Amino acid sequence: MIQAVIFDIDNTLYDYDAAHAVAFQALTEYAQHTLGVDPETFEALHQRANQLLQARTGGDCAAIHNRLLRYQILLEELGQPILHAPVMERLYWNTLIDAAVPSPGALVCLEQLRQAGLRLGVGTDMTADWQYAKLERLNLLPLLDFVVTSEEVTQEKPGARFFQLCREKAGCPASACVFVGDNRSKDVEGAKRAGMRPVWYRPHSGPDAPLLVDGVLEVRRLDSLSDYLLSLLGANHEKEDVS
Ligand SMILES: [Mg+2]
């Protein structure tokens, strides 16, 4: 019996790729006008800063997503004042958050599942501060019971400790937890190894109707997921009524 549903945030509850494109463009223009760096050089510097941040932090922690550190390193490499780092960080995230809209059916999905009495949470790789800002912007925070970030766990998905904390906060056995995400290795395989029920969110190439393939439920829309889960719960209730 399903008791909790846990969602990835980026590219699951909203389209990160689309919002990132807008934010990165704003950053590229800032670099050009304020730092005098052309877009191609900025892209290369950005990649180099990412690599250095990964190497310095060890890679398996939320700090690899920390854009303040990333822009600080970029500016250090460029030999420009670090006073630009917090400005760039705020420019990136505020632009991205302004551009973010919930995935089709996300709001309905969470509302329906909540009404059905399920516990709802998010399980996300990232620092907590900006993930909360995204959830507030998307109007999803009031519908959630708990949040797990890789910052709190000090481990990224698909790590076992990450999914263990998700299960603890869900307050039920792993087999009663559904985990929904777009990333096959991080979300789907991670949840599977933890004994949860994985759902692969595939908005661009998934099947029209929810489809169960080798124990993994594939969905194209989040409201079709809630319909499917509610029908499972309904079927279970009917079984209980009969017995
Ligand atoms: Mg994702």
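A short reminder: the numbers here are calculations on the coordinates, not readings from a lab. Since we're looking at a predicted model, the values are computed, not measured. Neighbour counts are summed over all protein chains in view; Cβ atoms, including those assigned to glycine, are modelled from backbone coordinates with ideal geometry.
Just from its helices, what would the mean residue ellipticity at 222 nm be for the chain, if runs of 4 or more DSSP H residues each count -39500 (n - 2.57) and the sum is divided by every residue, rounded to the nearest 500 deg cm²/dmol? Write out the running numbers ahead of the final one.
On the way: 10 runs with 122 residues, N = 243.
Mean residue ellipticity at 222 nm (helix-derived): -15500 deg cm²/dmol.
Dipole orientation for the range 101-243: of the candidates VAL101, PHE162, CYS172, PHE162 has the Cα lying most toward the positive pole (charges on Cβ; Lys, Arg +1; Asp, Glu -1).
Explain nothing, just the number: dipole magnitude of the chain about its Cα centre with +1 on each Lys and Arg Cβ and -1 on each Asp and Glu Cβ, in debye rounded to the nearest 20. Could the numbers behind the result be given before it?
Values: 22 positive and 33 negative charges, 103 e Å.
Dipole magnitude for the chain comes out near 500 debye.
Fewest neighbouring Cβ atoms within 10 Å first, the residues ILE6, ILE73, ILE82, ILE97 line up as ILE82, ILE97, ILE73, ILE6. Could you state the angle between the C-alpha long axis of helix 128-137 and the longest principal axis of the C-alpha atoms of the chain, as a value from 0 to 90 degrees rounded to the nearest 10? Value to nearest ten degrees: 70. Across the range 17-99, C-alpha contacts under 8 Å between residues 6 or more apart give a mean separation that, scaled by the residue count, equals a relative contact order of 39 percent.
Between the range 90-163 and the range 167-234, the C-alpha centres lie 16 angstrom from each other.
Using Cα-Cα distances under 8 Å and only pairs 6 or more residues apart, what relative contact order does the chain have, in percent? Could you put the intermediate results ahead of the total?
Working: 399 pairs, mean separation 56.0, N = 243.
Once normalised by length, the contact order is 23 percent.
Under the criterion of Cα pairs below 8 Å and six or more residues apart, the relative contact order for the range 162-243 equals 19 percent.
Once you charge only the Cβ atoms, +1 for Lys and Arg and -1 for Asp and Glu, what is the size of the charge dipole of the range 50-129 about its Cα centre, to the nearest 20 debye?
Values: 6 positive and 8 negative charges, 33 e Å.
For this selection, approximately 160 debye.
Would you be so kind as to identify which of GLN25, ILE73, VAL199 lies farthest towards the positive end of the dipole of the chain, taking Lys and Arg as +1 and Asp and Glu as -1 on Cβ and the Cα centre as origin? Selected residue: VAL199.
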